[in-house]
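Asks: One structure is given below, represented as structure tokens, and several questions about it will come after.
Each reported figure results from applying straightforward, stated rules to the coordinates on display, with no laboratory input. No experiment lies behind these values; they were computed from the predicted model shown. Backbone-built Cβ (ideal geometry, glycine too); neighbour counts: all protein chains shown.
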Amino acid sequence: MVEFERGVRIGVDVGQVRVGVSRSDPDGILATPLVTLARDLTAAPDAVPSDLAELAALVAEHEAVVVVVGLPVNLAGRHGPAAVHVKAYADRLVDVIAPVPVTLTDERMSTVVASRRLAERGVRGKRQRAVVDQAAAVEILQSWLDAQRRRT
């Protein structure tokens, strides 16, 4: 049996406008919403965008042992333009938070599932847009945690 390393995991849903962030408990059982960051698309090429800097601060604050980034694989299982964009974001994140590892995980349908769950709870419209990125990050992290536990 493989030992499951104790520590907080951070889940990330990278969007064009916002980045949803979630975290797990130290035992890696439950993912909960943390924050939504605004994407900084104005940073100079040699500068660290503010959303990456804020994410690095969250990783340090929560003493995260790994960061799980959702990779938008299309329904056919292929990587389209969105996946290329997320991979580039994850590559920059690796540089900013080293030595904390970054792992990519299939996030197919996470935003759809998150939106549906929020709607079922009566969260709609502007209120839903404000939290859907965090909810998607929770879906990404929770499914990754569940898959890790099934392996141990």
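Asks: Ranked highest first by average number of other Cβ atoms within 10 Å, how do 44-53, 28-37 line up?
Replies: Numbers: 44-53: 13.3, 28-37: 18.2.
Top to bottom by mean Cβ count within 10 Å: 28-37, 44-53.
Asks: Starting from the amide H of LEU30, placed 1.01 Å from N in the peptide plane, find each other amide H under 5 Å away whose residue is 5 or more places distant or on another chain.
Replies: Amide H neighbours of LEU30, under 5 Å, 5+ apart: ASP25.
Asks: What are the ³J(HN,Hα) values, in whole Hz, obtained from phi via the Karplus relation 6.51 cos²θ - 1.76 cosθ + 1.60 with θ = phi - 60°, for each residue of region 57-68 in sequence order, with x given for Gly and Pro?
Replies: Listing the rounded values in order: 5, 5, 4, 5, 4, 8, 6, 5, 9, 7, 10, 10 Hz.
Asks: Considering amide H positions built from the backbone, and no H for Pro or chain starts, which residues 5 or more places from ASP106, or on another chain, come under 5 Å of its amide H?
Replies: LEU71
Asks: Shape of region 9-150 from its Cα gyration tensor (a ≥ b ≥ c, root eigenvalues): rounded if a/c is under 1.5, otherwise prolate when a/b > b/c, or oblate? Mind dumping the intermediate values first?
Replies: Values: a/c = 1.33, a/b = 1.19, b/c = 1.11.
Note, shape of region 9-150 comes out rounded.
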